[in-house]
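The structure appears right after this line, and notes come after that.
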2 protein chains.
Amino acid sequence: MTITTDHRFLRALRREPVDMTPIWIMRQAGRYLPEYRATRARAGSFLALAQTPELACEVTLQPLERFALDAAILFSDILTVPDAMGLGLHFVEGEGPKFAHPVRSVADIDRLGVPDPETKLRYVMDAVRLIRRELNERAPLIGFAGSPWTLACYMIEGEGSASFARAKALALENPQAMHRLLEVLARSVGAYLAAQAAAGAQALMVFDTWGGLLMPAMFREFSLRWLAAVVAQVHAQAPGVPITLFSKGANAHLEALADTGCNALGVDWTIDIGAARERVGARVALQGNLDPAVLAASPEAIRSQARAVLDSFGAHPGHVFNLGHGITPDIPPEHVAVLVDAVHEFSRNR
Amino acid sequence: MTITTDHRFLRALRREPVDMTPIWIMRQAGRYLPEYRATRARAGSFLALAQTPELACEVTLQPLERFALDAAILFSDILTVPDAMGLGLHFVEGEGPKFAHPVRSVADIDRLGVPDPETKLRYVMDAVRLIRRELNERAPLIGFAGSPWTLACYMIEGEGSASFARAKALALENPQAMHRLLEVLARSVGAYLAAQAAAGAQALMVFDTWGGLLMPAMFREFSLRWLAAVVAQVHAQAPGVPITLFSKGANAHLEALADTGCNALGVDWTIDIGAARERVGARVALQGNLDPAVLAASPEAIRSQARAVLDSFGAHPGHVFNLGHGITPDIPPEHVAVLVDAVHEFSRNR
C-alpha cells in the first residue's frame, strides 16, 4: 500500500511548511449532512452504521465529496473498545450510549482483557482498509480511539453523565483498582490504534473527552499518565504514524500533554491558539480551534472568525485547522463550505 | 441595621487574617436536602418558592441549621432580572427555565428597560430583608445576580442550550445590538445588586455561568467588559460591599477578571487554586474550588481532597472555601458536614 506522506495534512502534523493550512472537521461525517442521515436511516441504527464496513466507508467519504477537506476520519465510535471487551454497547434513541454490563466491582475490572483488534474489532479494521482503498490517496485517513480515562468513565457509569461522579469516586477511593482498569484500557487502545495504522490509517487521534472534568492532580494521575502510555505504545508499534491528543477543557495541561511525546494536540476554543502555540508550539503541531457555534452564524462571521484563528496562530508551521469540538447537527452544510474555502484562501502562500 | 464586618467570611473577602478558612457551598439551599424538597413541595413550584419571601427565607436558612457554614446565600434564581423586564420566566419540569417572550429582534432589545428593584423585584428585596432579620448576625448574607452575558444567552435562546449558538451568532453578526442588550442588562444587574445590598446583603456575587463558552476575544468583548461595568456600578452605589465574580470555565481570563476591580473571583476545579492565587492573589480573594463530584465519594476522600485544596492555596489570606460549581442533588447531606468540618479543622490557626 502506498503511503502518501507529502499531503499538507501530514506535513502540518510534522510541522513542515505547507502551501495552505489543512482543515478537517471533527464529526465531519455526521447528522448535519442529509446524505449521512439517509445512509443512517438505511442502516437502521447508529451501531449498524458503525459496524458495517461498507456503510462506515460510505459516510466517511461523504464530506469529502462536498468539501475540499484535507483529511478523512474513520466513521466509528469511541466506545468500540469497551464493547469488544464484552460490556455490551447499545444506543438508546435520544439518550446516547449505554453499556449492558458496566464495571461495578473490582472483580469486573479483573475480568477484562485486551481485545485482539483483528478478531474482536474486525469490522473497524475492515472499514479502515476499505476506506483507504476508496479514498485512493485523495486525502489521508485518520484513525481514532477514546482515551483510557474517558472509556473508564463510561464503563463505570454505564452511560453518559454530567459529572462522572461514580468514576471519580472509584479513582479517589480505590486508585489501585482504577489504575488496573486504566492499564488494560491503555494497552487495548494502544493495540487498537496500532492495528488501525497497520490497516491503513495514516494518522491517529485520541479523544480524551472527559479528561477536562478532572481536578489537575487527578488529571495528571488518571488521564495524562495513561495517555502517555498509549502514545509510547503507538510510537513503538506504529513508528512514524503521527498521533494527536485532544483533552477537551484541559488547557491548563498543554505543556504536560506535549510532554507525552505526541505529535499534535487538539485545542478547544476557550484559549487563543496563538497563546497555545507560544506555550507548546516548538514541540507539537496544534489542531483547532474555532468555536463550533460560529458555524451557525452568517458566512461573513464565519470568514472573519476563521481569519482570526489563522491570524492568532500566525505564519508558523504546525497548524491543522479544525473546530474546537465536533460540528453540531443544526449547521447548514453550505456554512462548512464557507469555512473550508476561507481557511484555504486566507492561508495560501503566507 | 447592624453590619457585622468581622465575620471570617467578610474578612477573607477583604484578604484579612482569619481564625479558620470560611466555607459556603454553591447551591447549598438545594435539592440534596430533604427539608428543601419538603418546602419546595409545599410551595408547589420552583418559582413560587423563589417568589415567596417567607419560603425563600426558610430554604436559605436550612443549610445553616445543619452545617457550620460561614455564609448564607439568598435563595433565588439568576433569571429574575429578565423576568422583571417582561420576558415571562417559567420552569418546565425536568427541562429548566424558559422565557415566554425571548429576545428575537433588535426591536425586542430596544423595548427593554431597567426594572426598578423595589417595585418589579420587590419579592427579592423582601426576601433579603427577612433573611437578614432571621439570620440575626449568625452569618453574613450573600446576594447575587446572573451576569449580563449569561442573562443575554438565556434571553436570546429563550431557554438553556448546550452552545448558545443563537446568542453567539447575534454577537458576531450584530455586535452593536448585542452591546445595547448587554448595556441595559449591566445597568439592571448593577441596580439590582446595589438594591440587595441596601436591603441587607453583606456581600454580592455575579454568576457568569456561560462566559466560559466564549472564544477569548468574544469573552473580553461580550462578557468581561460588562462584568466590569457591573462591578463599577456596585462599587459606586453600594460602597464597601465586596463583590465576587465567577466565570465558570474562564480560567484563561483570571488576570483580566481581577482587573475589573472585583473583590474576589470564583474559581472552578480545573486549575489548582494555588496556581490561581499566584496569578491574581495579590489583588483579589479567591473562592473555590473542590470538584463537586468529590462529595459523592467517601468521607475519607472528601477530607483528603479538602486538605489538598487548602494546601494548594497555602497559608495566605483571602481564601473562601467552596466547590468549583454547585452541589448536585445526589449528594448525601452527611457528606457536606464532613467537608465543612474538615475545612475548619484543617485550616484552624495555621
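Residues that are more than 12 Å from residue A:139 (Cα to Cα) and of a type in the set (D, E, K, R) within the range A:61-80 comprise A:66, A:77, listed in sequence order. Scanning the range B:92-108 turns up one or more residues that are farther than 19 Å from residue B:46 by Cβ and touching a residue at least 60 places away in the same chain (Cβ under 8 Å).
Only strands (runs of 3 or more DSSP E) whose full extent lies in the range B:84-177 are considered here, and none of them has at least 1 residues that are within 14 Å of chain A (Cβ to nearest Cβ), hydroxyl-bearing (Ser, Thr, Tyr) and on the phi < 0 side of the Ramachandran plot. Of all residues being under 20 Å from residue B:244 (Cβ atoms), in a helix (DSSP H, G or I) and within 22 Å of the chain's Cα centre (by Cα) in the range B:307-343, which is farthest from the other protein chains (Cβ to nearest Cβ)? Just the residue, please. Across the range B:307-343, the extreme among qualifying residues is B:340. Please state which of the following conditions residue B:289 fails to meet, knowing it meets all the rest: (1) touching a Gly at 6+ places or on another chain (Cβ under 7 Å); (2) farther than 18 Å from residue B:18 by Cβ; (3) within 9 Å of chain A (Cβ to nearest Cβ). Evaluating residue B:289 over (1) touching a Gly at 6+ places or on another chain (Cβ under 7 Å); (2) farther than 18 Å from residue B:18 by Cβ; (3) within 9 Å of chain A (Cβ to nearest Cβ) leaves (2) as the failure.
Quick check: is even one residue across the range B:28-51 in a loop (DSSP other than H, G, I, E, B), among the hydrophobic types (A, V, I, L, M, F, W, C) and either buried (at least 23 other Cβ atoms within 10 Å of the Cβ) or in contact (Cβ under 8 Å) with a residue 24 or more places away in the chain (or both)? So far as the range B:28-51 goes, yes, one or more of its residues are in a loop (DSSP other than H, G, I, E, B), among the hydrophobic types (A, V, I, L, M, F, W, C) and either buried (at least 23 other Cβ atoms within 10 Å of the Cβ) or in contact (Cβ under 8 Å) with a residue 24 or more places away in the chain (or both). The residues of the range B:221-276 that are closer than 21 Å to residue B:290 by Cα, in a loop (DSSP other than H, G, I, E, B) and either without any contact (Cβ under 8 Å) to a residue 24 or more places away in the chain or within 12 Å of chain A (Cβ to nearest Cβ) (or both), listed by number, are B:247, B:248, B:249, B:250, B:267, B:268, B:269, B:270, B:271, B:272. Of the residues making up the range B:151-163, those that are within 23 Å of residue A:308 (Cβ to Cβ) and surrounded by 22 or more Cβ atoms within 10 Å (Cβ to Cβ) are B:152, B:153, B:156. Within the range A:193-220, the residues that satisfy the criterion of being within 14 Å of another protein chain (Cβ to nearest Cβ) and farther than 16 Å from residue A:78 by Cα are A:212, A:213, A:214, A:215, A:216, A:217, A:218, A:219, A:220.
No value in this document is a laboratory result; all are computed from the given coordinates. Everything numeric here is computed off the predicted structure, so don't read it as measured data. Positions of Cβ are backbone-derived with ideal geometry, glycine not excepted, and every protein chain shown enters the neighbour counts.
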